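Take a look at the structure set out below.
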Amino acid sequence: MEDLALIDKDISSDETDWNEHRSAWSLPEGVTYLNHGSFGPAPNVVIAARQRWFAELERQPMDFLARRLEPLLDEAAGVLARFVGCTADDLVFVPNATTGINIVARSVDLAAGDEILLTDHEYGAVTRIWGQACSQVGAKTVMARLPLPLTSEADVVEAIFARANDRTRLIVVSHIASYTSVVLPVAAICQRAKTLGIPVCVDGPHALVQAPLNLRELGCDYYAASCHKWLCGPIGSGFLYVRGRNKSKMRPAVISWGRSFAGRPASWKDEFIWVGTGDPSSYLAVADAVRFIESVGVEEFRSRTHALAQSARNRIADIARSELFTPDDPAWYGSMVTIPLPHVARSSSWPGESHPLQRALWEEHQIETPIFEWQDRLCLRVSCHLYNSPADIDRLCAALEQLCPRFAVE
Ligand SMILES: Cc1ncc(COP(=O)(O)O)c(C=O)c1O
């Protein structure tokens, strides 16, 4: 598995040092935000950049949309592409990972009897997208159950390929899983899939910044991600990467003109650049998000946020008497951790009414952190970004110590 190249960060160091980056955000006073993994607030520079682009668009829409937009998108795509290790021609902006996966599902040729292989750690909406794509043509999804706890990369790869066969048309796998927060061995999965001639679609919204990513080296066929999570892009920014010859087969989720407004030579990206009149400001501000993260440094990001996640994981596991999904190793988790709550009564669904413990954390302590069920377990997930500090983890732990007994299993 890839080395996350972490520099040890001392969790007991001065709180002022931990608050160094917090002023880059305008988080409401008194709110402990530990849910970047669901919806990440953008830093002020990114919000400002988006507002500037939006103001320019509204001032002279004809000039902006018909003449300036395509080169501006190329420039923003170039900055993002350098960050994720591909070229600007390899990726298109989409509003979010969900749209990216929908595009892939429309573009992969499926016939009756075909299979799409997923793992049991996949995001519910993604599993649903593939379920619908399959049911329309008489194909089916196949779910590989990964061994728990996850301790060996080889075992994970084995569990997936044990379910592959000559009907498998595509493997769909998260780079970092939403429910369990585990980093899956996507490079090894892509390598093995290549030997069998099976394409791989990586669902990657949590991996941008949290994990090293070089799309050219990874060797996946498709990679869908949201920039509005860890990269700190504005809400409504994501991308879809498509490798090599697959590009010419891509079908848009929304059909429009399918050609350049500025009269440029035809490209596979034409179907995705113009999807009807809209607001591209969030895409253009992705370049500012990349520059923001780079100004802090990705190693600094990983070192800080992993140290916080590690502290949260170990302390909450003690409070909740949990068995964790992975060893305490940065190869298995980054800035986000999921901790099962075996002694808290279950009654939760996502999306749906939130668990009473999640409501109490918010209503009584102004702590944002999701609680959900995964495979018959109630789980809590903690996301740590640059604006978080050990004091946030202290507040969460104190609140859990107080609240867990109230919601305990009878
Ligand atoms: C693994 C995974 N895939 C896809 C998505 C969908 O992301 P979005 O809502 O930005 O489309 C999420 C959202 O949390 C996710 O965790």
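Computed from the coordinates by the stated procedures, all read-outs in this text should not be read as laboratory data. Since this is a predicted model, take the numbers as computed values, not measurements. A quick note on method: Cβ atoms are made from the backbone with ideal geometry, for glycine too, and the neighbour counts reach across all protein chains shown.
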For residues that are among the small types (Gly, Ala, Ser) and buried (at least 18 other Cβ atoms within 10 Å of the Cβ), scanning just the range 61-106, find the one that is nearest to the ligand (Cβ to nearest atom).
Ala97
For the range 146-180, which residues satisfy the criterion of being farther than 20 Å from Leu218 by Cβ and of a type in the set (Ser, Thr, Tyr)?
Thr151, Ser152, Tyr179, Thr180
Glu58: free of Cβ contacts under 8 Å to residues at least 40 places away in the same chain and either assigned to a helix (DSSP H, G or I) or aromatic (Phe, Trp, Tyr) (or both), yes or no?
yes
If I ask for residues that are of a type in the set (A, V, I, L, M, F, W, C), under 24 Å from the mean Cα position of the chain (by Cα) and either within 16 Å of the ligand (Cβ to nearest atom) or not in a helix (DSSP H, G or I) (or both), which ones from the range 125-155 would you list?
Ala125, Val126, Ile129, Trp130, Ala133, Val142, Met143, Ala144, Leu146, Leu148, Leu150
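So that you can scan it fast, the table gives a plain yes or no per residue for (1) closer than 23 Å to Gly124 by Cα; (2) surrounded by 14 or more Cβ atoms within 10 Å (Cβ to Cβ):
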| position | (1), (2) |
| --- | --- |
| Ile316 | no, yes |
| Asp328 | no, no |
| Trp332 | yes, yes |
| Leu341 | yes, yes |
Would you call Asn35 within 16 Å of the ligand (Cβ to nearest atom), within 29 Å of Arg163 (Cβ to Cβ) and either part of a helix (DSSP H, G or I) or under 21 Å from the mean Cα position of the chain (by Cα) (or both)?
no
Restricting the search to the range 165-208, which residues are of a type in the set (S, T, N, Q), within 16 Å of the ligand (Cβ to nearest atom) and without any contact (Cβ under 8 Å) to a residue 60 or more places away in the chain?
Ser174
Filter the range 219-233 down to the residues that are over 16 Å from Val92 (Cα atoms) and touching a residue at least 40 places away in the same chain (Cβ under 8 Å) and list them by number.
Lys229, Trp230, Leu231, Cys232
Would the range 327-336 turn up any residue that is more than 30 Å from Val84 (Cβ to Cβ) and either under 18 Å from the mean Cα position of the chain (by Cα) or of a type outside the set (Asp, Glu) (or both)?
no
